[in-house]
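The values are calculated or read from the model by the stated rules, or taken from the named source; none is laboratory data. Remember, it's a predicted structure, so these values are computed and weren't measured experimentally. As a convention, Cβ positions derive from the backbone with ideal geometry for all residues, glycine included, and neighbour counts pool all protein chains shown.
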Amino acid sequence: MMVALATALEVPLRVERVRGGHDPDIYTVPGVLCPRVTLLYSGDHYGIIYPRAPPAENSSHQAS
């Protein structure tokens, strides 16, 4: 299921358990050191963690 999600979204993906344990990492896309999106699984639902986009440049300021 996670492979299908990562493929459909075309985003490197990691899934981890919130409560830790001996093996907190459920799935990490192969071949990627730092996946772009992490899903935190709590047993009831998934939380999504992803980097925030940098603020856009203000287009009203132009170089002279």
Per the filter on segment 22-38, residues under 13 Å from Val3 (Cβ atoms), outside any loop (DSSP other than H, G, I, E, B) and of a type outside the set (S, T, N, Q) are Ile26, Tyr27
Got a number for residues in segment 33-48 being surrounded by 13 or more Cβ atoms within 10 Å (Cβ to Cβ) and either modelled with pLDDT under 85 or of a type in the set (Val, Ile, Thr) (or both)?
-> 2
Before we move on, is Arg52 part of a loop (DSSP other than H, G, I, E, B) and modelled with pLDDT of 80 or more?
-> yes
In segment 1-32, which residue that is touching a strand residue (DSSP E or B) at 6+ places or on another chain (Cβ under 9 Å), charged (D, E, K, R) and within 17 Å of Pro51 (Cα to Cα) is surrounded by the fewest Cβ atoms within 10 Å (Cβ to Cβ)?
-> Glu16
